[in-house]
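The values are calculated or read from the model by the stated rules, or taken from the named source; none is laboratory data. All values reported here derive from a predicted model rather than from experimental measurement. When we count neighbours, we look across all protein chains shown, and the Cβ atoms used for this are built from the backbone with ideal geometry, even at glycine.
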Amino acid sequence: MQLFPIYIKLNRVLIVGGGRVALSKLEKVLKFSTDIRVISKDFLEQFFQLQKQYGFELIQREYRKGDLVGFDTIIVATDIKLQKEIFYESREYRALVNSVDSIEYSDFTFSSFIKRGDLVVSISTNGISPTTAKILRKNIEDIIPTDIEEFLKK
């Protein structure tokens, strides 16, 4: 499936999962929004540190059907069974879902991106090779002037 590159407003974001992958997604989302709720039975310590810094909501329990009501964007970083359940549940609420292990249960993927102030450059391989996207991002990052934010304001 070909994905269309698009930038969207992140209104209310729900992240399901409290491990390493969920943390990585949270760190990316925090560059654009703090209107976030994270639900997981267990959390890595870094979640609590980031929560103190950014003030998003942490709920320490398992996901329950209906938890996604009121959210526009949902990121599911759990087992494939729950990814599938949440994806199909989300169809009732017209929410966009990213299931980290399955393009089949995702409306979008995360691109590798560079954010410097208002400049955002993203690279995607449509989920086929995140490593390649990451390498390209690092190469592009090296050629962007460090004073780009000042330049954009002129």
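Go through Phe43, Phe47, Phe32 for me and flag whichever is under 17 Å from the mean Cα position of the chain (by Cα) and at pLDDT below 95.
Working: Phe43 fails: at pLDDT below 95; Phe47 fails: at pLDDT below 95.
Among Phe43, Phe47, Phe32, only Phe32 is under 17 Å from the mean Cα position of the chain (by Cα) and at pLDDT below 95.
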Which of the residues spanning region 35-64 are in contact with a strand residue (DSSP E or B) (Cβ under 8 Å, 6 or more places away or on another chain) and among the aliphatic types (A, V, I, L, M)? Ile36, Val38, Ile39, Leu58, Ile59
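Given the structure, is Val69 outside the structural domain of Asp118 (by TED's automatic domain parsing) and under 25 Å from Lys134 (Cβ atoms)?
On the way: outside the structural domain of Asp118 (by TED's automatic domain parsing): yes; under 25 Å from Lys134 (Cβ atoms): no.
It is false that Val69 is outside the structural domain of Asp118 (by TED's automatic domain parsing) and under 25 Å from Lys134 (Cβ atoms).
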Evaluate region 21-35: report whether one residue or more is within 15 Å of Gln83 (Cα to Cα) and in contact with a Ser or Thr (Cβ under 6 Å, 6 or more places away or on another chain). no
Name the residue that is surrounded by the most Cβ atoms within 10 Å (Cβ to Cβ), counting only residues in region 10-26 that are within 12 Å of Leu96 (Cα to Cα) and out of contact with any Lys or Arg (no Cβ under 9 Å at 6 or more places or on another chain). Leu10
Considering residues of region 1-21 that are out of contact with any helix residue (DSSP H, G or I) (no Cβ under 7 Å at 6 or more places or on another chain), part of a loop (DSSP other than H, G, I, E, B) and at pLDDT 85 or above only, the residue farthest from Phe56 (Cα to Cα): Ile8
